[in-house]
Amino acid sequence: MLSNIIKFRVRYGETDQMSFVYHGNYAQYFEMGRTEWLRDLGITYKNMEESGIMLPVISLNINFMRPGKYDDLLTLKTTLVKKPTARIEFDYEIRNEKDELLTTANSTLVFVNMKTNRPMRIPDSILNKIEKFME
């Protein structure tokens, strides 16, 4: 499916006393991946929200294999799992500079109408951009 790759360096404030990435920070890393994945399609969270659409996370499952460490340059791969409907699902992989797999994860988000605060189907404008890159 459709993937995006970003690189980022672990900052000191993201680590615990052992200089390992604090587990709670991984959710923020995955959000960076989703944001850039959407941006590559020409979609931004800002524009979605301005058009009345929210995209909250309803499920996040993280598997930790090895720790990320302070000053590591990490590579995050974000992949669309399947064609979205009212939900959109992503898989993630984080690797270090040695290409060792550190973490895998999966998240599900739901499209929500900000006026009604109710789930909605993916807008055609977003689905069309996704389908264009899936061809």
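If I go through the range 19-41 residue by residue, how many of them are in contact (Cβ under 8 Å) with a residue 24 or more places away in the chain and either assigned to a strand (DSSP E or B) or exposed (fewer than 12 other Cβ atoms within 10 Å of the Cβ) (or both)?
Total meeting the criteria: 2.
Can you pull out every residue in the range 29-51 that is among the hydroxyl-bearing types (S, T, Y) and under 20 Å from T75 (Cβ atoms)?
Y29, T35
Residue check: is K46 assigned to a strand (DSSP E or B) and open to solvent by 90 Å² or more (accessible area, probe 1.4 Å)?
Spelling it out, it is not the case that K46 is assigned to a strand (DSSP E or B) and open to solvent by 90 Å² or more (accessible area, probe 1.4 Å).
Return the residues of the range 7-18 that are of a type in the set (A, V, I, L, M) and surrounded by fewer than 16 Cβ atoms within 10 Å (Cβ to Cβ); say none if nothing qualifies.
The answer is M18, and nothing else.
Output the residues belonging to the range 80-130 that are more than 15 Å from the chain's Cα centre (by Cα) and polar (S, T, N, Q).
Correct list: T85, N96, N113, T116, N117, S125, N128.
Within the range 57-67, identify whether any single residue is of a type outside the set (S, T, Y), in contact with a His (Cβ under 8 Å, 6 or more places away or on another chain) and either open to solvent by less than 70 Å² (accessible area, probe 1.4 Å) or in a loop (DSSP other than H, G, I, E, B) (or both), and answer yes or no.
yes
Among the residues of the range 72-91, how many are in a strand (DSSP E or B), open to solvent by less than 10 Å² (accessible area, probe 1.4 Å) and not hydrophobic (A, V, I, L, M, F, W, C)?
Adding up the residues that qualify gives 1.
I'm trying to understand the selection: among the residues of the range 92-103, which are surrounded by fewer than 16 Cβ atoms within 10 Å (Cβ to Cβ) and in a strand (DSSP E or B)?
If the condition is that a residue be surrounded by fewer than 16 Cβ atoms within 10 Å (Cβ to Cβ) and in a strand (DSSP E or B), then L101 is the only one that fits.
The values are calculated or read from the model by the stated rules, or taken from the named source; none is laboratory data. Fair warning: this is a prediction, and the values are worked out from it, not measured in the lab. Using ideal geometry, Cβ is built from the backbone for each residue, glycine included, and neighbour counts are taken over all protein chains shown. Protein only, heavy atoms only, side chains kept; ligands, DNA and RNA dropped before computing areas. Shrake-Rupley method; radii C 1.70, N 1.55, O 1.52, S 1.80 Å.
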